[in-house]
Structure formats: C-alpha cells, structure tokens
Amino acid sequence: MKSLKELFRIGKGPSSSHTMGPQKAAQIYLERHPEAKHFEVTLYGSLAATGKGHMTDVAIEAELSQVAPAQIEWQPQVFLPYHPNGMKFTADGKDEWIVYSVGGGALSEGKPTGDMFDTPEVYSLNTLAEIMHWCEKYGRSYWEYVDSCESPDIWDYLQKVWEMMKESVERGLNHEGVLPGPLNLPRKAPTYFIKASGYKQSLQTRGLVYAYALAVSEENASGGTIVTAPTCGSCGVVSSVLYHLAKGHNFSDTRILHALATAGIIGNVAKQNASISGADVGCQGEVGVACAMASAASCQLFGGSPSQIEYAAEMSLEHHLGMTCDPVCGLVQIPCIERNALAAARSLDTNLYASFSDGKHRVSYDRVVQVMKQTGHDLPSLYKETSTGGLAMGFNKG
C-alpha cells in the first residue's frame, strides 16, 4: 500500500476525482507544453456527465489558460476501459495523453506495466487481517504499524492534516449564505450548531456532530480547502468526528494523530483492494469508507483492541453496501452533504457497538471491502456519479 500522504490530501473541493485530479493532470500537461497555442481536452464517462457541476472544466481551464485557450469536449456516453473518469489532452492537435482520475485526487495512466504516477509501496501488508495479526503478534496498535512503515515526517504531515480538518470545521461554522449552483441550497451548519448548543447533553452530542460534518461538507461544496478522507465528497465524516471527540474529551493532539493514522490504515486497505471512487463503486466507496475510518479512529481513541477497531470499521462499511452515487445536478450537495452528517453519527454508533463486544464476529473488514468492490462494479453506470439515475433523475445538470 501507498503512504497515508496519498490518502489524506489537502486541497480545494468540491470533488477530489472531478476537480483535484483533473486540475493536477492539467498542470502536468501544461508543464510539458509551455509554448502551446491551443489545447483540446476530452472528458469521458463520469467526468463528462457531472463535470460541470463539479467544476471540472473550470479547474482544467484555470491551469491551461495560463498559456493558451483550451477547448473542452464532453463525451458522457463514452467510457474508457480502465476507469470511468478518463481524460484526453492534446496540444496543437498533437501529443495525445490519456489519463484517469481514479479517486481521492490520485491519477493513473492505466498502464499494467506501471506509469509516471507509480510511487513506492510503503506498507508490505495489504489486508487488515494481516495488519491485525501483526498488531496482535507484537502487542502493538494500528498507528504503531503506521509508525514502523512510514518515514519519520508522517507525524508532521498528519499534524498539518489535523490542523486543516479543524480549520475547515470552524470556517464552515462561521459561513452563512447559499451554496453555489442552481439548487440554491442554504448552508445549515451555523444553524445546527446554535440549535445543538441549546440542547441537553444527550441530544447535544449528535447535534454537534451533525453541525461539524455539515460545516466541512458545505465548505467543500463551495470550493473551500478541505482534507480528502478519503475523498472530497466524504470529507466531513472523519473531520467532524475527530473534532467533536477532541473538544468533548480533551484528547491531546498526539492521541488524535494516532487515531488519524488508524483511520488512514482503514481507508488505505479499501483503496488498495477495492476503490474510493464514486464513479467506480458508488458512494459506498466514499461515505461508506469514510464512516469506517471514523469509527476506527473513535475506537482507537477510546482504547479499543485491534479486533474491536476492525469490527467497528467492518460494521460501518457493511451497512453502507450498495449505496449509490447520484448527485442532483452533478453537485456535491444533495444527497452528499446530509450523508456526511449521518455517516459521522453512525460511526460513533458502530464504535460503541464494537466496544461492547469482545471483537469477535463472522464477517471481516477485508471481506466487506471485496463485496463493496463487486457490488460497485455490478451497479449500472447511471448510479455511479453520472447524475442520470436515482435521486438525480429528472434534474437538469448544473
């Protein structure tokens, strides 16, 4: 598996696969052709179907227009073989480059023999069962496995991630108004925060988690800077849960970073063995994996054993299986924002449920990851970030 630095990315929303990835691809292509007179970019599949709502064209043109005008062609009915998020770049009608945005801001050229985006494998163990066995054998925790595999600067990097997560929550709580796009969706985080603060503690906990998740997700939807955890569309889940627990229980930054590392392992296993791309496997790969990450982080903070942490993550992902990605008008707003809030609350429930157990259960996290992958590939494309089915049906694209 790759470094957690490739899972937790700091960048602007609203979509890691549809905004951050294409923008990075445009930057790379621009560096190759700094003297081009004209660029042509063809977007395929999901990138074309929901690209306008995700500001894919805006992100690409912002880079290429520094040198020359760019013409964007949309091909929503054409799906390239490797991944639904395909792009083709040309400069002055030459030097064709096909690249894919594969989720979480990552890019791939789709070559079986490797490509320019190949990076070192930091982790030798690729399943949670193997990692859990390592933890039990040596009496260690998941975060200690991270520490044993990553370079020493991983903790400085995760500190930056944590600071940005906190900042995105607080920024979202203080922003009022309407989110960009044709839905005219008002921000809810400030209102939820005020209302939650007035409830007794039994209800306040859930209300605050909702508010924090809404805050981050609304920042993402407006193009603000957030942390992919594991994606932009699911960025509110881990951020809100860690923020809530840190404030409510006075956990030190060190303990939060250990929890963040544990969450990273959970997300990395899903990314390695299945997908975190909504265009590939639906929202189960985004919000489902985010819920698993947040529940594992919570269980870590409250002293859960490796098996209890695995159980919490397994339940979270299992109960998101089959979740479609059907954003209304191609915007990361409906149903994405509410899903973040509810998944954050569910992660606290699965942590509690697992903490009451001895950690023993029948279905493993690795098994659920495989089922998620198969389920996602069995879903028709209209339910995988194309805005042609489900909740999105009947709405005009933004």
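The values are calculated or read from the model by the stated rules, or taken from the named source; none is laboratory data. In this text the structure is predicted, and so the values were computed from the model without any measurement. Every residue, glycine as well, gets a Cβ built from its backbone with ideal geometry; the counts of neighbours run over all protein chains shown. Just so you know, the surface numbers come from the protein's heavy atoms only, side chains and all, with ligands and any DNA or RNA stripped out. Shrake-Rupley method; radii C 1.70, N 1.55, O 1.52, S 1.80 Å.
Quick rundown of the values:
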quantity: 0 to 90° range, to nearest 10: angle between helix 253-273 axis and the chain longest Cα axis; calculated: 60
quantity: C-alpha long axis of helix 154-174 to longest principal axis of the chain, angle in °; calculated: 80
quantity: 10 Å binning of all Cα-Cα separations within the range 230-280, expressed as whole percents from 0 upward; calculated: 22, 48, 24, 6
quantity: Expected-Rg normalisation [2.2 N^0.38 Å, Cα atoms] applied to the range 242-398; calculated: 1.06
quantity: Area of residue 185 that stays accessible when all protein chains are in place (1.4 Å probe, Å², to 10); calculated: 40
quantity: Nearest-10 value in Å² for the accessible area of residue 94, using the 1.4 Å probe; calculated: 130
quantity: MRE, 222 nm, helices only [DSSP H, n ≥ 4, -39500 (n - 2.57), over the chain, to nearest 500]; calculated: -16000 deg cm²/dmol
quantity: Descending semi-axes in Å of the chain, equivalent ellipsoid built from Cα gyration tensor; calculated: 33, 24, 19
quantity: Per residue solvent-accessible surface (Å²) - the chain, probe of 1.4 Å; calculated: 40
quantity: In degrees, nearest ten, helix 287-301 long axis to first principal axis of the chain (Cα); calculated: 30
quantity: The range 291-327 versus the range 89-116: alpha-carbon centroid distance in Å; calculated: 32
quantity: Which listed pairs, of 188/271; 52/88; 37/88; 2/24; 12/188; 188/373, have C-alpha distances above 26 Å, in listed order; calculated: 188/271; 188/373
quantity: For the range 22-78 and the range 118-179, distance of Cα centres in Å; calculated: 31
quantity: Beta bridges by DSSP in the chain, antiparallel share as percent, to the nearest 5; calculated: 70
quantity: Solvent exposure ordering (accessible area, 1.4 Å, most first) of 117, 8; calculated: 117, 8
quantity: Percent carbon-and-sulfur accessible area, the chain, ignoring ligands, DNA and RNA, probe 1.4 Å; calculated: 51
quantity: Among 98-105, 211-218, 373-380, the order from most to least packed when residues are scored by Cβ within 10 Å on average; calculated: 211-218, 98-105, 373-380
quantity: Principal axes of the range 13-77: Cα extent on each, largest first, Å; calculated: 31, 23, 14
quantity: Reciprocal of mean inverse Cα separation for the range 64-198 (Kirkwood radius, Å); calculated: 20.6
quantity: Cysteines (scope the chain) whose Cβ has no counterpart Cys Cβ under 4.7 Å; calculated: 135, 149, 232, 235, 291, 299, 329, 336
quantity: Rounded accessible area of residue 194 (nearest 10 Å², 1.4 Å probe); calculated: 120
